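Enquirer: First the structure, then my questions, so here it is.
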Amino acid sequence: MEDATSELYSAFLVDQEGTASSFRGLGEVVATHGLFCSLYTDRGSHYFFTPEGGGKVSKTVLTQVGRALKQLGIEHIAAYSPQARGRSERVFGTLQDRLPKALKLAGIDTVEAAIRWLSECYIADYNKRFAITAEQADSAFVADALGAWREILCIQEDRMVGNDNTVKWEGLRLQLPLSRLRAHFVKATVRVHEYPDGQLAVFWGPHRLADYDARGTLIDPTRQAA
């Protein structure tokens, strides 16, 4: 949500808010509008690490979302009171009141259909009804010409390749394919990216070694990493 105008940029349904849904929402905004200056959020554990309950958030220990925002040059602002989140809380209240009724009137009874309807119909209608005009007409968004956000707005963690040339990830074993770079990657440190849709990729430095679906199956086993 745009703080100055109350315009909605992204809306979808998930079982529980978390890192993946945050990356999905941020990705939708950046893909459509571009990069922005700052993001104001609550202090949920997927947004901030808080050393002491009820205390200040850490400015040095970053969550996956915090790390991604820093890489993109986006300031991450933590809200410390319900009053500080007043505009967003009012918007959430409006959505919670109107959405169930609107979904029923539209005859929508599945999550998949609801997500499509939110994207294709509801957001535009909501903004027409409730968004206000900004004081300045010019946009503050900046296009990410290189599309770097796609590899930044995802979970990233380092792993050591096992003796069987596989990478362990969340109960999966990701088999690395043949590569022109070296005979094998045993004991090498690689970086795993998990994207909001569940797909995975393994990198060795700047080299993309392989892509996998959410079950850990190699997407293109005939492709040799280069």
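Enquirer: Once you wrap a convex hull around the alpha carbon atoms of the chain, what is its projected area averaged over all directions, in nm²?
Expert: Averaged projected hull area, Cα only: 15.5 nm².
Enquirer: Under 1.5 on a/c is rounded, so check that first for segment 34-88, then, if it is not, pick prolate when a/b is larger than b/c and oblate when it is not; a ≥ b ≥ c are the square roots of the alpha carbon gyration tensor eigenvalues.
Expert: The shape class here is oblate.
Enquirer: Next up: Which value, in Å² and to the nearest 10, is the accessible area of PHE141 when all protein chains are kept and the probe is 1.4 Å?
Expert: Approximately 50 Å² of PHE141 is accessible to the 1.4 Å probe.
Enquirer: Could you report the chain's accessible area per residue, 1.4 Å probe, as an integer in Å²?
Expert: So the chain comes to 62 Å² accessible per residue, rounded to a whole number.
Enquirer: Calculate the spin-label point distance for ARG159 paired with LEU178, positioning each point 7 Å from the Cα along the beta-carbon direction, and give it in nanometres.
Expert: 2.3 nm
Enquirer: Separate question: In straight Cα distance, which lysines are under 26 Å from LYS104, not counting same-chain residues fewer than 8 positions off?
Expert: LYS128
Enquirer: Just want the answer: with Cβ charges of +1 for Lys and Arg and -1 for Asp and Glu, which residue in GLN136, GLY147, THR166 is farthest toward the dipole's positive end in segment 72-212?
Expert: Working it through, the farthest residue towards the positive pole turns out to be THR166.
Enquirer: Heavy atoms only, 1.4 Å probe, whole protein assembly: order MET160, MET1 by accessible area, highest first.
Expert: Correct descending sequence by accessible area is MET160, MET1.
Enquirer: Let me ask something else. Using a Gaussian network model of the chain whose springs link C-alpha atoms within less than 10 Å, name the residue from ARG67, ARG180, ARG208 with the highest mean-square fluctuation.
Expert: Greatest mean-square fluctuation among the candidates belongs to ARG180.
Enquirer: Check which residues have an amide H placed less than 5 Å from HIS76's amide H, if you skip close sequence neighbours.
Expert: Here LEU39 satisfy the definition.
Enquirer: Now for a separate question. Tell me the mean residue ellipticity at 222 nm calculated for the chain from its helices only (DSSP H runs of n ≥ 4, each -39500 (n - 2.57), averaged over every residue, nearest 500).
Expert: Computed mean residue ellipticity for the chain: -8000 deg cm²/dmol.
Enquirer: Ok, one more. Ignoring ligands, DNA and RNA, how do GLU135, GLU194, GLU52 rank by accessible area with a 1.4 Å probe, largest first?
Expert: GLU135, GLU52, GLU194
Enquirer: Each label point is 7 Å from the Cα along the Cα-to-Cβ direction; what then is the distance between the points at VAL142 and LEU99, in nm?
Expert: 3.2 nm
Enquirer: From the protein chains alone at 1.4 Å, what is the descending order of accessible area for PHE185, PHE130, largest first?
Expert: PHE130, PHE185
Enquirer: Sticking with this one: Please enumerate, by chain and number, the lysines with C-alpha under 24 Å from the C-alpha of LYS187, excluding those fewer than 8 residues away in the same chain.
Expert: Hits, sequence-local ones excluded: LYS168.
Enquirer: Determine the dipole magnitude for segment 22-167: charges of +1 sit on the beta-carbon of Lys and Arg, -1 on that of Asp and Glu, nothing else is charged, the reference point is the Cα centre, and the result goes in debye to the nearest 20.
Expert: The calculation lands at about 440 debye.
Enquirer: Still on this structure, please answer the following. Only helices at least 18 Å long along their axis, Cα-based, and averaging -1.0 or more on Kyte-Doolittle count here, so list those DSSP H runs from the chain.
Expert: Those that clear 18 Å and a mean of -1.0 are 19-32, 86-105.
Enquirer: Please work out how much accessible surface LEU62 shows to a 1.4 Å probe, ignoring ligands, DNA and RNA, in Å² rounded to 10.
Expert: We get 80 Å² for LEU62.
Enquirer: Cα atoms only: what Rg and Dmax, in Å, come out for segment 145-196?
Expert: My reading of the Cα-based Rg and Dmax gives 12.7, 40 Å.
Enquirer: Can you tell me, using C-alpha contacts under 8 Å and at least 6 residues apart, the relative contact order of segment 26-152 as a whole percent?
Expert: Relative contact order, segment 26-152: 36 percent.
Enquirer: Now, a different point. Which lysines have a Cα lying under 24 Å from the Cα of LYS59, excluding residues fewer than 8 positions away in the same chain?
Expert: List returned: LYS70.
Enquirer: Cα gyration tensor of segment 127-226, axes a ≥ b ≥ c as square roots of the eigenvalues: rounded (a/c below 1.5), prolate (a/b > b/c) or oblate?
Expert: Prolate, because a/c is 1.5 or more and a/b exceeds b/c.
Enquirer: For segment 21-99, with all protein chains present and a 1.4 Å probe, just round the carbon and sulfur fraction of the accessible area to a whole percent.
Expert: 52 percent
The values are calculated or read from the model by the stated rules, or taken from the named source; none is laboratory data. Bear in mind that the values here come from a model prediction, so they are computed numbers and not experimental data. Ideal geometry is used to build each Cβ from the backbone, glycine not excepted, and the neighbour counts take in all protein chains shown. These area figures cover heavy atoms from the full protein model, side chains too; ligands, DNA and RNA do not enter into them. Shrake-Rupley method; radii C 1.70, N 1.55, O 1.52, S 1.80 Å.
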